[in-house]
Amino acid sequence: MKGILLLEDGTCFRGCGFGAEDKKCGEVVFNTAMSGYQEILTDPSYHEQIVTMTYPLIGNYGTNTLDVESNKPYLSGFVVKENCNFPSNWRNQISLDDYLKKHNIPALEDIDTRKLVMLLRQTGAMKGIICTDGTSIKNLKDELDKYPGLVDRDIVKNVCTKKSYTWDKPVENEFGQTIKPQAKYNVIVFDYGIKQNILRLLVSHGCKVTVVPADTTAEEVLKQKPDGVFLSNGPGDPGPISYAIETIRKLLGKVPIFGICLGHQLLGLAVGGDRFKLKFGHHGANHPVKNLITEKIEITSQNHGFCIDPDSLLDKDVQITHMNLNDNTLEGFRCKNVPAFAVQYHPEASPGPHDSNYLFGEFIELMDKVK
Amino acid sequence: MPKRTDIHKIMIIGSGPIVIGQGCEFDYSGAQACKALKKEGYQVILVNSNPATIMTDPELADHTYIEPITPEMIEKIIKKEKPDCILPTLGGQTGLNTAVALAESGVLKKYNVKLIGANLATIKKAEERDRFKKIILDIGLEVPKSGYVRNWEEAQKIVAQVGFPAIIRPSYTLGGTGGNVAYNAEEYKEFIHWGLNLSPKGEVLVEESVLGWKEYELEVMRDKKDNVVIVCSIENLDPMGIHTGDSITVAPAQTLTDKEYQTMRDAALKIIRAIGVETGGSNIQFAVNPQNGKMYVIEMNPRVSRSSSLASKATGFPIAKIASLLAVGYTLDEIPNDITKKTPACFEPSIDYCVVKWPRFTFEKFPATNPELTIQMKSVGEAMAIGRTFKEAFQKAIRSLEIDRYSLDRKHIDSKIDNERLKQILRANRWDKIWYVAEALRRKLPINEIYELTKIDPWFLNNIDQIVQFEDKISIKNLKQAKKLGFSDKYIASKLNMPETQLRKQRIADGICAVYKIVDTCGAEFEANTPYLYSTYEDQCEANPTKRKKVIILGGGPNRIGQGIEFDYCCCHAAFALKEIGIESIMVNCNPETVSTDYDTSDRLYFEPLTFEDVMNIVEKEKPDGVIVQFGGQTPLKLANALSKAGVKIIGTSPDSIDAAEDRKRFNKIVEKLKLNQPLSGTAMNYAQTVKIARKLGYPLLIRPSFVLGGRAMQIVYDETELKSCVENAIAVSDKHPILIDKFLDDAAELDVDAISDGKTVVIGGIMEHIEEAGIHSGDSACSLPPFSLSPALIKEIKWQTKMLALELNVIGLMNIQFAVKDNQIYILEVNPRASRTVPFVSKAIGVPLAKLAAKVMAGKTLKELGFTEEVHRSYYSVKEAVFPFLKFPGCDTLLGPEMLSTGEVMGLSDDFGIAYAKSQIAAGNNLPTGGNIFISVKDADKPKAVEIAKKLHQMGFKLLATKGTCIELIKNNVPSEFVLKMTEGRPHIVDLIINNQIAMIINTTVGKQTIKDSFAIRRTALDRNVPYTTTIRGAAAVTKAIESLKQKKTDVKPIQLYYK
C-alpha cells in the first residue's frame, strides 16, 4: 500500500501506507518521545493532527488495552520511519498496524522522517493531508486547500464528552495493580479532551471524580458544591473556546481550580492573558521545566501548540511558577488571591516521566486549605 | 548555583593500563574531566600510569604524574601536592578502589583531602553488595536472592537458598573477573574457591540466576540540587548471563512499553538518591523477566563507566564532562548543551536513530580457553554503529568489527552442520552465535524455537530474519532497499558476482548514495552546531561540507590486542595538529571508547565503519585535500592501496613506500643497496616451499604471515616437526599474502626506534632497548628509553641506519624500526613506515608530541619550520611494561613469544634505571618482593646468567629455591639454594609451595614443548595467586636490578612537567 503525506507548502513525502486505507487532513507535528506511542495515539489533544514520531522504530512492543488515554485515537494520521509488525512484549495484544486499522487511522512509514521534522522545525507546523487510499495528488491538494487548520477553531467539542459521568478507576501499574484510597474530595473535571491518566491520578489521590462536558456552566458546577474543579487538556486553539473562558472566570475564587495544558491556557486567558501559537509546538517527553519556587527541574511530558505569553500576565494577579528551560516559554502559574493554579505540561505523564506527579498533591492541599 | 570557590586544586586518578574490563573509555572520560576542570580555572593534578593516554599529555593537567596507581604512591603525591579534593569517579574501578583505600586508611583525613562526586559512604553503599541489596529492598525494589560469603561454610548455606544455577561474583574485581555460573555442586565449590582467591577482600557474592532474562541499563546523572536525568537507556540483545561488556547492546531500549520504561526510570531515580551519589553519572543495570515484566535491580556503578562512554557517543551527551562540572558545584540547568548551544544540559536526550554496540574478541590468541561468553568479561574492544533502523545499524556494526566479515553470510560458519548441531551451538554462548542465529533463520527454524535456545528477544530475531530473508532477493534493481537494510557493497557485490568497485559505480550511477545525518541529542527539535555525523540511505543529507582546506584522519576501529589506544592517541594528535595549522580535521572511526570519537576532538566526526565503501562515501562527500592512513594502525593502512587506486590522495609516506617496506623482496633490495644487515630470510606461499627454505636457513626460525598486526600467528620454530602446524596457521591468516621466514636470532637484544622524517630531515624520537630478548613481541616486552646496556658506538650506528632507511623509503611522517643486536652486529628485523605502538610512550618520555609533529609534516610543513631538528636527550629513564589479560582466560599459558598478547602498558620514570623499572612493575601489578623465597628454574642456555642473578638475590637476603638442574648449577657456583621438586617429581612440589604462600617471586625460563607443558602449572598458579613471575632471563636480570634499587633508594614521585624542565 502506497502512502503519501502532502504538506501545504507543496512538499510531498511518499512512503508505504499502513493502518487504515483513508485520507485525512490535519496539522502536521512531531513528537520526540522514544516510547509511549499508544498513549500519544489515544491522547485527544492530538485531534486533527498528523503526528510524526522522531524515534524511527515504532510499534516494537505492540498495543494493549491498558496503555490508553481515551476510548480511541482522535488524531488524523500517524507517520513513522519504520513500523514493526512483529511486536515483542508480554503486554502486547495487537500490533500497531491492526490497532490503527481497527480505529480507522491512516499511517505512513518508510519516509525520511528526520527530513520532515527539520522542515517543520524550520517553517513551523504545517497543514497536511495523509493518504493511503490512492487518491491523486491533485485531489489531495484540493482537499488540503479546503482544510481550515486549527487556529481560531473550536475543536474541543469534537472530542469532549457530551454527558457528564463519574470516573472511579485509579492508576494502574504495568501489571494492572492498583491502589485506591477513600474518596474524600468532590472534584468536577471539565473535559476538553481529557487524558484518562489525569482521572486515574485524581482518583489515586482520593478524589471523587465527576467529568462534565466542556460547555457546562459555572452555575451547574457550583450547584454540585465541588471541593475543586479541574480543567483538562485538550486539542487546538484555546482562543475560540470563549464559553470555557467565561465559565472559568465565574468559578475563580469560588472553588479551587487546577488546570493542565489547554486547561492552563484557558485559565491564563480567563485571568486576562494572551495566547500565541508556537512555531512547531512542544511535543515530547524530555522538556526541562524549572519550578521557580523550589528551583528544581522536572523532566516533563509536553504536548501543545499554543502558549500563554508570560509578559501578558505581568500586570495580572498571578505568580509565574514554572518556566521552560529550552525556550523560556511559560509552563505554569498560580493566582495570588484566589485558589487556582495550572501548568502547561503534563504532570500525569503517560507517556513520559513522573517527575511532576507532585502537582496532584498540591491540588489536594489547595482543596484542604479552602475546605 | 555557580561553581565552588572553596576548592582550587583537584586530583584526578586515572584507570591505569588498558585491561579487559577497563579500556580506553576511561581515557576519554578522564581527558574530558581534565579539560573541563582546567577550563573552569581549577588546578588539575592527574595520576595515571598509562602513557598511551591523551589525558597524560602534559598540557591537559597542571601536574601529571605518570606513576603507579597504588595507595602508597598516591599518598606521596598527595603529600607533595596537597590537593583540596579528589574526583574518584572518572578512573574506572581502579580510580574508585584507590580512592576508597586512601579514605579508609586515613590518608585523606591526614592531608585534609575531600572526595567530590561520590563520597566514601556512597561508594561503599553501591559497591558492597549486601549493603546495596538492603538499600534496594528498603526502597521497595527487588534484587535477585543472594548472599555474601567469605568461606566455604557460608557458601554452602547460601546456595541452599538461591539454588542452581548459582552466579558467583567476587567483590571488587575488574570487569567481573572471577565471575562464574555454577550449574552443579562440584562447579560451585571450584568457582567459590577461585573467587575467594581473586577478590582483594576475600569476599564472593552468590546470587540467584536470572539467566535468560532481558538486560537493560540506564545512564543516570544527578546534580547537587537533586535534579536527575536519564541520559540513555540501553537494551542488551544478549540475555542476562553474558557480561554486558561482552553483549551486543542497543540504544535506546526497544521493547519496553512506556509504562515499563517509566517504572525503570522511577527505580533509577530512587536508587541514585538512596545510594546518595551527590553529583555525576551512574549506571544502573536491570533484569526484566520477559514472561511477566518482573524487574530486578542487578547492580550500580557510582561512577562513569564503559556504558557511560557508549551512552555519550550514542546520544551526544558528554557524560564525563558534565559529571566533572557537577562535581565542582554546577547544576544541570547551568551547563549548556554543547550540541544545540541554546538549550541546557538538564534534559533527557531524544535520539532519532538506533545504535548497536558489538564487542570484539580475540579468542584466537588464547586457544587453550573455551571461547564461550559468561558473566566474566572477555572482549578486548568494541565497535559502535549508528543507523536509522536496527537492521542498518546492526549490519554496519558487523563490518565495523574488522574481522573480515561484512554480512551474516553463511560462509563464516560451518554451514554443513545438521539442525541438531546447530541447535547445540545456539544454546551455547559462543561469541559468533549471531551467524548461527542467521543460519537457523535461513533454515526457517521457528523464531520461537530460536528464542528458546538463545533467549534473544524475538524482536531482534525478527529483525535479523528480515535481513536474512532479503539475502537471496538482492538484485541490481532493489539496491536501494538492500542499502536501507544495511547490506555492505562488498556482500551485495559478492551476491551479484561482480567486483565491489563495479557495484559501487553502478550504485552511484543509480543515484543510490549514502546521506549523512547529525547526532544532535534532540531528535532534530533544535538546530545542531556540532557536525557529528553518521550515514544512512534516506533523502536528506545534512553533511554540509565546508570549502576549507581539510584532511581526513582514518582511525583504528575497535580495540584489539595489537591495535589499541596507542593508535587512537596518534589519531587525536593528528586532529589537534591540523587544528593548530588551520586545516579542518575530519575524523572517521567507529570505536565508542575513544577520545578520537569525541565530537570536540576534531572539527568534524563521522562515526562510521572503516571499510573501503564507508570511507569512500565520506571522501566523495567531503572531497578532502588529503587522507591520513598512517596513524590508525593496520586498519587504515590496509585500505591505503584501494583508496589510492580510487584516486584518493594519501598524504605522508606514499602507499608505494609502505608496500616497499612490507614487501619482502622489495625491502631486501633496499637493505642490500644500503649495505645493511638483516637475518637471513625467505618467503613462501606453501608448506613445501617453507621446508625448502627452512633447510637452507637452519633452525631456529621465525615464521609469520605478512600484513598482520600484533604478530598474529607468529611463531618461533625449533625443528621441522613444529614447522608444519605453524605454517598451516600462518597460511590461514595470511590471506593470499606470502609467509615470511626469518632466521631467528637467539639471545639477541632487541631495539625499537621511532623516528620522524619530512623527506629531507630525519630526527630520532627515541631508541628503546627491550628488557626481554629478541623473539618476544615488541608490544609484549618491557623496554627502556634510553637503552641501558648498549655502547655509544652501537647507538650511533643504529641512528645512522635509521636515517638512511627513512630517506631511502622517502618517509613523510613517522616510522618505526626494530633492530636486533647480537655479538655487536646490528640486524634490521622490521621497518614500519607509520605511527607505531610506542609513539605515545616515546612522546611522554622525551616530552615532544611526535604524532602531532608528524601530522604537520604530512600536511606539508618541514621539521625545520616546526623547530624539531635535533633528537631530545633526557637524563632520566623511562621504562614501559606490558600488561596481560591471562587471568581472564583460564587455562592459557603466560609464556611470552612472538605473538602479541598484552592489552595495555604502563610507564615508570626515574633518574635511576632500577627504580624506573620497579615503578613499571608496580604499575603493572607485579608486587616486587623485598624479602622471602625466590624460586628459580631456568633452561640450560640461561644458567650462566641465572647464576649471576641468583648471587645478587642471595646477597640481598633472599632465600633461593630451585629445581634440580638449576639448583646444582647454583651450588656449583657457591650460591646457596634449596632443592624443590618439580610437579612430576613428587610432593610437596613447587606448586604446593606457591599455593601455601611460600614463594615471593618466580624466575622460570623454558624451552621445548615438553618442559613448557611440565612447567605450565607453575606459571598459571603464580598468575592466579598474584605471585610475580618472569619468564625470560633478561627480565629476571632487570627485576633483580629493580629490587636492588628498591632496597637501596627511595622511590620518589615527580610530575612529567618537571621531568621535562
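The values are calculated or read from the model by the stated rules, or taken from the named source; none is laboratory data. Every value quoted in this text rests on a predicted model; they were computed, and no experiment measured them. We place every Cβ from the backbone using ideal geometry, glycine too, and count neighbours over all the protein chains shown. These area figures cover heavy atoms from the full protein model, side chains too; ligands, DNA and RNA do not enter into them. Shrake-Rupley method; radii C 1.70, N 1.55, O 1.52, S 1.80 Å.
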Yes or no: B:Ile272 crowded, with 24+ Cβ neighbours inside 10 Å, farther than 18 Å from B:Glu127 by Cα and away from every other protein chain (no Cβ under 11 Å)? no
Is there any pair linking a residue in the range B:257-270 that is within 20 Å of A:Ile40 (Cβ to Cβ) and of a type outside the set (Ser, Thr, Tyr) to one that is in a helix (DSSP H, G or I) and open to solvent by less than 10 Å² (accessible area, probe 1.4 Å), with Cβ under 8 Å and at least six apart or on different chains, and which? B:Asp258/A:Gln38; B:Asp258/A:Glu39
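So is B:Asp600 open to solvent by 10 Å² or more (accessible area, probe 1.4 Å) and on the phi < 0 side of the Ramachandran plot or not?
Here the answer is yes, as B:Asp600 does meet what is asked.
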Using the structure shown, decide if B:Lys861 is basic (Lys, Arg), open to solvent by 10 Å² or more (accessible area, probe 1.4 Å) and at pLDDT 95 or above. yes
How about the range B:582-696: which helices (runs of 4 or more DSSP H) wholly inside it have at least 2 residues that are among the small types (Gly, Ala, Ser)? B:634-645, B:655-662
Every pair of residues 6+ apart whose Cβ atoms lie under 9 Å, when the first sits in the range B:61-75 and is over 12 Å from B:Gly908 (Cβ atoms) while the second is of a type in the set (Phe, Trp, Tyr) and not in a helix (DSSP H, G or I): B:Asp62/B:Tyr42; B:Ile74/B:Tyr65; B:Glu75/B:Tyr111
Tell me whether the range B:522-538 contains one or more residues that are surrounded by 24 or more Cβ atoms within 10 Å (Cβ to Cβ), in contact with a helix residue (DSSP H, G or I) (Cβ under 7 Å, 6 or more places away or on another chain), of a type in the set (D, E, K, R) and within 14 Å of another protein chain (Cβ to nearest Cβ). yes
Suppose we filter A:Leu359, A:Leu278, A:Leu292 for residues that are aliphatic (A, V, I, L, M), within 16 Å of A:Phe230 (Cβ to Cβ) and touching a strand residue (DSSP E or B) at 6+ places or on another chain (Cβ under 9 Å); which single one remains? A:Leu359
Working carefully through the options B:Lys294, B:Lys365, find the one that is among the basic types (Lys, Arg), open to solvent by 10 Å² or more (accessible area, probe 1.4 Å) and away from chain A (no Cβ under 13 Å). B:Lys365
Among B:Pro833, B:Pro885, B:Pro849, B:Pro792, which is within 24 Å of B:Ala916 (Cα to Cα), of a type outside the set (Val, Ile, Thr) and open to solvent by less than 10 Å² (accessible area, probe 1.4 Å)? B:Pro885
Residue pairs meeting the criteria (Cβ under 6 Å; at least 6 apart or on separate chains; first on the phi > 0 side of the Ramachandran plot, in the range B:76-95; second outside any loop (DSSP other than H, G, I, E, B)): B:Gly92/B:Gln22; B:Gly92/B:Phe26
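When the range B:390-408 is examined, which residues are found to be open to solvent by 10 Å² or more (accessible area, probe 1.4 Å) and on the phi < 0 side of the Ramachandran plot?
B:Arg399, B:Ile403, B:Arg405, B:Tyr406
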Please state which of the following conditions A:Arg200 fails to meet, knowing it meets all the rest: (1) away from every other protein chain (no Cβ under 14 Å); (2) modelled with pLDDT of 95 or more. (1)
Residues that are crowded, with 24+ Cβ neighbours inside 10 Å and within 14 Å of another protein chain (Cβ to nearest Cβ), drawn from the range B:349-362: B:Pro349, B:Ile351, B:Asp352, B:Tyr353, B:Cys354, B:Val355, B:Val356
The range B:327-342: number of residues that are facing another protein chain (nearest Cβ under 7 Å) and open to solvent by less than 10 Å² (accessible area, probe 1.4 Å): 1
1 or more residues away from chain B (no Cβ under 14 Å) and open to solvent by 40 Å² or more (accessible area, probe 1.4 Å): qualifying strands (runs of 3 or more DSSP E) within the range A:76-141: A:126-131
Selection status of A:Ile198, surrounded by 13 or more Cβ atoms within 10 Å (Cβ to Cβ), in contact (Cβ under 8 Å) with a residue 12 or more places away in the chain and among the aliphatic types (A, V, I, L, M): yes
If A:Glu174 passes every condition in (1) in contact (Cβ under 8 Å) with a residue 24 or more places away in the chain; (2) open to solvent by less than 70 Å² (accessible area, probe 1.4 Å); (3) away from every other protein chain (no Cβ under 14 Å) but one, which one does it miss? (3)
State all residues of the range B:275-291 that are within 14 Å of chain A (Cβ to nearest Cβ) and either of a type in the set (D, E, K, R) or out of contact with any strand residue (DSSP E or B) (no Cβ under 9 Å at 6 or more places or on another chain) (or both); if no residue qualifies, say none. B:Gln291
Restricting attention to the range B:215-262, and to residues there that are facing chain A (nearest Cβ under 10 Å) and of a type in the set (Lys, Arg), which single residue is surrounded by the most Cβ atoms within 10 Å (Cβ to Cβ)? B:Lys259
Does the range B:974-985 include one or more residues that are open to solvent by 10 Å² or more (accessible area, probe 1.4 Å), within 23 Å of B:Lys888 (Cβ to Cβ) and in a strand (DSSP E or B)? no
Pick from A:Ser312, A:Ser301, A:Ser350: which is out of contact with any His (no Cβ under 6 Å at 6 or more places or on another chain), within 14 Å of chain B (Cβ to nearest Cβ) and among the polar types (S, T, N, Q)? A:Ser350
Please work out which residue is nearest to B:Asn301 (Cα to Cα), limiting yourself to the range B:181-193 and to residues that are crowded, with 17+ Cβ neighbours inside 10 Å and touching a helix residue (DSSP H, G or I) at 6+ places or on another chain (Cβ under 9 Å). B:Val181
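Pick out the one residue from B:Leu1046, B:Leu953 that is farther than 30 Å from B:Val44 by Cα and open to solvent by less than 60 Å² (accessible area, probe 1.4 Å). Before the answer, list the steps.
Details: B:Leu1046 fails: farther than 30 Å from B:Val44 by Cα.
Sole residue among the options that is farther than 30 Å from B:Val44 by Cα and open to solvent by less than 60 Å² (accessible area, probe 1.4 Å): B:Leu953.
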Among the residues in the range A:47-68, are any modelled with pLDDT of 95 or more, more than 9 Å from every other protein chain (Cβ to nearest Cβ) and over 22 Å from the mean Cα position of the chain (by Cα)? no
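Any residue at all in the range A:249-259 that is open to solvent by less than 20 Å² (accessible area, probe 1.4 Å), more than 14 Å from chain B (Cβ to nearest Cβ) and assigned to a loop (DSSP other than H, G, I, E, B)?
Yes; the residues of the range A:249-259 include at least one that is open to solvent by less than 20 Å² (accessible area, probe 1.4 Å), more than 14 Å from chain B (Cβ to nearest Cβ) and assigned to a loop (DSSP other than H, G, I, E, B).
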